[in-house]
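Participant: Structure incoming, see below.
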Amino acid sequence: NKGGGASIVLFYQYKEPVWTSREFPKALKLFLSIGRKYEITGRGRIAPEGVNCTLTAPTSKLIRLFCQSLRDDWNIGSLDGNDSSNDTTKLFHDTDFKITDGLPQSQKFKSLSVRKVEELVAYGLEGEKAPSITKFGGTHLTAVDYHKALRDPHTVVIDVRNNYETQIGTIQPPPGGATLLDPKLRNSREWPKWLASKETQQQLNGKKILTFCTGGIRCERATALINQISIDSSSTSSTATPFQPNGVYHMRGGIERYLKTYPQGGYWSGKNYLFDKRMEQVPEFKDSIQIENEVTSKLQAKCCVCRKPWTSYRNQYKCHQIQCGVPVLVCDVCHNNSKSSENQKKQLKCELCRE
Ligand SMILES: [Zn+2]
Ligand SMILES: [Zn+2]
């Protein structure tokens, strides 16, 4: 099986009610011990509200054993011989583990590191401010049902990712179908503000809302916030127009799952920006020249320095404007010409800072 290459798995799991301060260190300890047992490496984040991970294993078998063990054996009570804490068992029972096999061993992470954070996605909605996913979270659709829903003209589809991700790939609903909305976020922290704006709410009122993101995690809290604002606005006796969308849905497993379900691409255009060494995901059976054309013609992605068509973040530059710092596209020519002069840095300006 080792000849079959390394495997990577992306998954997240929210935990409600959140782990208490007593449970939290135990959850981390248990997670790491299951990981080590199956030679798992990679990066994860753990918060009282759950975990979010990108992990690798040397073989496809080990990665599956790891996922199976999380599903079957998760019980933080087992660490101190206390099996009675039902609340903490079977946490990963319905988790969507998105596995990709056959990767070069060089794409494997060197070590396993799980960082403690306040929030899995930095919405600025930690602790008490977080709208409950159990109570307010949007309805999950399978990739197939989501695909069909994109044909409905009374639907608005929202890309809840950051704008630099959207620039190289996004969903383009069919003509006569849903309307795509790009909130043009620099980061997730800007989502609550965008959603609170009157203009946004007017665009969403009466519409069926579909959201999507890379792997699904960002939609969990994002849809919960939509529903919470909507419910709050209908219960307050204010003269302001209530915010009433016609249902809120998101795609289980996100774009990652959609592209595995529609290897020809479906209604997806371009490349799915990834936060691991693969850097991007493309529809498996779509011609790579066609994909490049989608990014340059339909999405108009260009080098931020010379403004020529460009489709990749591989040269790893960031916007140099104060308080921005998002990834920017820089072509190979500009990359090779680059001297780290101040003048050169000033040209590193993302599309949002240009507007
Ligand atoms: Zn250039
Ligand atoms: Zn910028």
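Participant: From the list GLU190, GLU220, which residue is within 19 Å of TYR146 (Cβ to Cβ) and assigned to a helix (DSSP H, G or I)?
Facilitator: When all the criteria are applied, what remains is GLU220.
Participant: Take the conditions assigned by TED's automatic domain parsing to the domain that holds ARG36 and loosely packed, with under 15 Cβ neighbours inside 10 Å and apply them to PRO175. Does it pass?
Facilitator: Here the answer is no, as PRO175 does not meet what is asked.
Participant: Please verify whether the range 308-315 includes one or more residues that are touching a helix residue (DSSP H, G or I) at 6+ places or on another chain (Cβ under 8 Å), within 20 Å of LEU274 (Cα to Cα) and either more than 10 Å from ligand 1 (Cβ to nearest atom) or aliphatic (A, V, I, L, M) (or both).
Facilitator: The answer is yes; a qualifying residue exists.
Participant: Name the residues in the range 280-296 that are in contact with a strand residue (DSSP E or B) (Cβ under 8 Å, 6 or more places away or on another chain) and more than 16 Å from ligand 1 (Cβ to nearest atom), would you?
Facilitator: Matches in the range 280-296: GLU280, GLN281, VAL282, PRO283, ILE291, GLU294.
Participant: Here's a follow-up. Output the number of residues of the range 76-102 satisfying the condition of being modelled with pLDDT of 90 or more and not basic (Lys, Arg).
Facilitator: Count: 11.
Participant: Residues of the range 1-41 being part of a strand (DSSP E or B) and more than 17 Å from the chain's Cα centre (by Cα), which ones?
Facilitator: Scanning the range 1-41 gives ALA6, SER7, THR41.
Participant: Quick check on my filter: what residues within the range 316-353 are of a type in the set (Gly, Ala, Ser) and away from ligand 1 (no atom under 12 Å from the Cβ)?
Facilitator: GLY325, SER340, SER341
The values are calculated or read from the model by the stated rules, or taken from the named source; none is laboratory data. What you are looking at is a predicted structure, and each value in this text was computed from that prediction instead of being measured. Don't worry about glycine lacking a Cβ; one is built from the backbone with ideal geometry, like all the others, and counts go over all protein chains shown.
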